[in-house]
Structure formats: C-alpha cells, structure tokens
1. Which of (1) without any contact (Cβ under 8 Å) to a residue 24 or more places away in the chain; (2) within 14 Å of chain A (Cβ to nearest Cβ); (3) in a helix (DSSP H, G or I) is the odd one out, the single condition B:Met310 does not satisfy?
2. Just for segment B:323-334: of the residues that are under 26 Å from B:Thr18 (Cβ atoms) and either more than 7 Å from chain A (Cβ to nearest Cβ) or of a type in the set (Phe, Trp, Tyr) (or both), which one is surrounded by the fewest Cβ atoms within 10 Å (Cβ to Cβ)?
3. Has segment B:171-183 got at least one residue that is crowded, with 18+ Cβ neighbours inside 10 Å and in a helix (DSSP H, G or I)?
4. What residue, among those in segment B:32-58 that are of a type in the set (Asp, Glu) and not in a helix (DSSP H, G or I), is nearest to B:Met337 (Cα to Cα)?
5. When the residues of segment B:60-104 are filtered to those that are part of a loop (DSSP other than H, G, I, E, B) and farther than 17 Å from B:Ile291 by Cβ, which remaining residue is farthest from the other protein chains (Cβ to nearest Cβ)?
6. Given the structure, is B:Met203 over 30 Å from B:Pro247 (Cβ atoms) and surrounded by fewer than 19 Cβ atoms within 10 Å (Cβ to Cβ)?
7. Of all residues in segment A:73-103, how many are facing chain B (nearest Cβ under 7 Å), assigned to a helix (DSSP H, G or I) and touching a residue at least 24 places away in the same chain (Cβ under 8 Å)?
8. May I ask you to verify whether A:Tyr208 is surrounded by fewer than 21 Cβ atoms within 10 Å (Cβ to Cβ) and either away from chain B (no Cβ under 14 Å) or among the polar types (S, T, N, Q) (or both)?
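The values are calculated or read from the model by the stated rules, or taken from the named source; none is laboratory data. Keep in mind that this is a model prediction, so the values were computed, not measured. Every residue, glycine among them, receives a Cβ derived from its backbone with ideal geometry; neighbour counts consider all protein chains shown.
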Amino acid sequence: MDLSSINPILLIASLMVSATPILLAALGELVVEKSGVLNLGVEGMMITGAICGFAIGVNTGSPVLGFMFAAICGALLSLAFGILTQYLLSNQVATGLGLTLVGLGLSSLIGKPYEGIKSPTLQKMEIPILSDLPIVGRMLFSHDPMVYFSIALVAVVWAVLKYTRAGLILRAVGESHDAAHALGYKVVRIRIMAILFGGACAGLAGAYISLVRVPQWTEGMTAGAGWIALAIVVFASWKPWRILIGAYLFGGVTVLQLNLQAAGAKVPVEVLSMSPYLITILVLVIISARGNHGAPAALGKIFHASR
Amino acid sequence: MIRLEKRAQPSKLWTLATPFVAVVLTMIVGGIMFAMLGSDPFEAIRIIFWDPLFSEQFAAYSRPQLLVKAGPLILIAIGISMGFKAGIWNIGAEGQYIIGAICGAGMGLAFYPAESFIIFPLMILAGALGGWAWAMIPAVLKVRFGTNEILVSLMLVYVAEAFLASVSSGLLKNPDGMGFPGSRNLQQYPAAANLEIFQGSGMHWGVLTAFLAVIFAYVLLSRHMLGFQIRLTGEAPRAAKFAGVNPARIVFLCLGMAGALAGMAGMFEVAGPAGQITIDFNSGYGFTAIIVAFLGRLHPVGILLAGLLMALTYIGGELASLMLGIPGAAIQLFQGMLLFFLLATDVFINFRIRLSKTEAV
C-alpha cells in the first residue's frame, strides 16, 4: 500500500464535498425533530430530490434550477408525510418508512431515461484572496456554492433556534405540544412547516449527490445517506454545530476509505465499504451509552387537540 | 369545519375495512399513474390483480409463483410484526435475510458433494441461527446501551450487502464457475435443494414453514403469556413494567424471532427459487415485508392474506411489464402507495369524523 499517494489537501477538500449532502439532510431533520416529529423518510426524500434535481438540471442545463426543483420535490414529498402524521395522526415510524419506500420507487421510475447521462454541474466558486492562500486556499476556499451554503445554513439554524422567538416556539412545540397548544400556538401548522423545511433540505442534499458529487444518476445512489443523516442527528444530541462536526467526521471516513481503496490498502474492499456503516453504529453506541441527552421530549408522539 | 373525534373504543369494522379501502384507493391512484405512463389503467389493473390467478394463458405459470413469492414475505412479516406490536422497530430484516441465506448456503456447500438427509435440516438451522445472530446485534446494543434499534438494524443491511458481495465473489464462489461470481447452484445439489413438496404447486419447504409460523404466531399472541406481554409492552410500556414484564427479554425475544424467521426465509430462497448466492439474489423482500406486516394489521392471519396479495402484485407487476411495458419501479411505487393509503385510512379506526359548524378552538 502506498499511503503517500493520498494527498491530505485533496482529502480535506473532497471530505467537505462528500459531507455536504449528509450535512444538509441532517440539518433539515434536526429542525423536524426539534419540532417533535420523527421523519424516517429522509432517504426517500433525498433520492427523490436527487432524480428531480438531476432531471431538471439536464433538461434546462442549469444546476441552480435543478437544486431549486429538488428542494420543491423534497418538500412536496414531505408534505405527504406531514398530512398523514399531523392531520391523519398516523404512526410516524411507519409513515416515514413508507415515505422511503415510495421515494425509492418513484425515483427509479422517473430515473430510467436518465441513466448514463452526465449532468451540468456547479461551477467552483473561488473566494477572492482567500482561495489564493497556499494549501488552505485549495482546501477550504475553492468549493462550489452549495458547500458554503450548507455551512451558512448551520449558522442560520443555530441562530434561529437559539435567539429568535420562532425558534423558541418551535422548541416549545417539540418539548411539550400540549403546553404549546394551551398557550395558543398552532402545533400542527408549526410542525408542518418544520417538516417542509426538512423535506426541502433532504431534496437539496439528494440533488447535491446527483448534480455535484457524482454527477450522474444511478438507481439507489444515495445508498443509505439519509439513514446516516438520521444517525448524525442523534450523534449531535440535537445541536446544529455538532451536526457539522458529525457530518464532516462521517465525510472524512467515507473519503478516507475510498482513498484507501484506491491506494490498494491490504484491507479487503468490502470491509472498507462497510466501514462508514459500522462506524455509524459504533458512534451511535457510544452516544447512547452516555444517555439520550437532548432529545426533544415530545419526539415521535402524536398530537391530537381534543376540543 | 371537519373535526376528528376520538372513539371510545377502536372500531372493529374499520380495523377490518381499512386494508380493503387502501387497496381500492391504491388501485385508483395507481390506475392514474399507469394512465400517465401511457397504458390503459383498467387493463393494467386487470393484468396485475386478475390475470395471474385466472387468465388461461398465464395462470398455470403464475399460480405456483404466488406461493413462491408469498412464502418469504409472510415468514419475514410474521417475525417483524411481533416486534412492531411491542414497539420494537426491526427494519433491517433484509440484512437478517441475507445473512441467513449466506449461513444456510454455506452450511450446504460445506458438505458438497455429500448426500445425506441431514444436510437440509442443518442448513435450515444454520440459516435461522445466522439471521438470529444478525438480529442480536441491535438487540444487545439496545438492551445494553439503549441504542436506537431502527438505525442499527438498518445500517446492518448495508453491512450485510457488502458481506454478500464479498462472499459471492470470494468464500462461496463456485470453483467450477469459470470465474463468474456466485456460488454453486444449490438446485443442482439434491441434498441441499429446497424442492417443491407437491410438484408444480410452488409449495416448497419455506412456504410450509411460513404457514406453520402463522399458526405458531397466532397461538403465541392470543393464547400464550408471552404474547400477552408483547402486546402489553407495545400498548402500555409502563403498565408492562409494573406487571413484571422484563423489557430486555421482550427485546431479545422479538428481535431474535424476527431474525431467525428472516434468516430461514433467506435460506429457503437461496436453496430454492434463487438457487445460488449471487451479489443481488436478495430482491428486497425484507423491506416489502414491512408493508405486508402493516397491511395484515400485525395479525398473523392478516399477514397471511397480505403476503399473498403482495405476492400477487409482484407477479402481476412482472406480467404488466411484459405485456404493457410498465417499468418494474412502478410496481415498487404501487406497493409503497399501498402502505401510505393504509396508514392514512387507519385514522378511522380510532377517530370518527364530525362536521361542526363552529370552528373548534
């Protein structure tokens, strides 16, 4: 094995790219869970976003339109989840699973004609001055806009949750929907909005995979990234900045194992490709062994205002 | 203003009726989808739900297929439904199915080319143990560390798939396979083959096991203390604790049974209809079984019927893609929609709709 063939600068740069979809999806799910809803359909919304964004990107030649459309598709799919769980009071775990199954079916149905096509991809955005810095410039400051957008979104979500009235209400709904309802907040409406935000983020995340990271469409290409995003929310103890850490750690593992495969490590390829999932399990175990701190108290509970 | 009012008791009528309502709704929306794909919706629905059973041209082939496809679905769904009843969400049955298949086939291939009646039972045992062991991972982690079993069991599906890729081109690869990935074909190894019990009926040993599992689960849930404890844990966890139910024991039991049944299903599939371990012999039964479990109301008899219906959509779907060129993914979407509509209509079990003139505050 030749470790010297792994370039640390490129490694960190590609780490940021591979972490971005998980970061976006996990951030959306964080907001959903903060409002007290567990949406297990992230994988389904991601893959639908991936194909919808890809299709629009290919047909219009504009990846930006692709991203916008992917966010809309993700949000629409999540709206189905919202209606079922919030208005028709269905079980959130089962509905989320159903959403994933529907999303996988829908995406492969739409995606058939798009197999093997290359899509237009986002231009790299060289940040002036900073990107000219040695090493750090290549590593951190010459990425596509979505990478910066995702990091900015972390800051926005953090600030909104922590410092604004809207964030306070959202958290109140997630901690105790009965108390929030008694105070006159529209629990269902707030939750639907959170679910839509989560869906849009998952859609963007999917489109990032199909438009930037790969950039191609293959069936089932998200390969469990949505589930990993769910795990990262737990890992982050429902705190936005820890989502960033979790996603980048995970991105690092993914990139490193790919690099090790390419460098011809003596570890079997299969063990390497298992490693992201195994590490996710390991991280979940470590986090849960410390106790489940930070989970919103009303997470996954059904709200029905009687009278 | 439409308002939902909680019923004093869950409606028995709606509990039975919602699966049928959901099927009808799925047919309507699915029909619209088929029309959008450019096929005649009535013809498509007829080909999916009617022709596999009653068409003179296809029924002879597809009727046995019904049991072949329903067998694993029922077997897996029975296992996971116990967990769902107790609030333990094992959604990684696909992984347990794969590992069961690998262990079962591995046991059989280890004896190749010996001939003995004991080989096949040993393979069943190995398959069940393999699936059981794979399900014990989330069980132990949940009991010991409180780790979320949904995420762990699902992550293990991806691990199992990577493992399957490894053994099918490595450990279990057919030495006479001229370099192609995939194991020896167990169908051509009589001692290890999962053959039809009645020629031409589609009834192989796995289907028989599925039927036995239905009976076993029915007795367990309705007549045995353990079944009562499973239901109690799901419906009132605190009450269950006060009644002296050991939650760890329920977790081990539910996940263990689900794993063993899924593992057996995998073994029967690989020794029978699939024939060999290949990188993609698994056809997503572990996930479809989730739909089967819900559609069957988590009730053994319901699961039996739901499994047959879901098998019908598989076969009908193949037929529809052959006759009308409807893509296979459309059927997958169709099955997903079925679960969605079922969950949507389930609201009527516990609530009734009231129209009130004044707006509810």
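1. The failed condition is (1).
2. Per the stated criteria, the residue is B:Ile331.
3. For segment B:171-183, residues crowded, with 18+ Cβ neighbours inside 10 Å and in a helix (DSSP H, G or I): absent.
4. B:Asp40
5. B:Ala86
6. In short, yes.
7. So the count comes out to 6.
8. no
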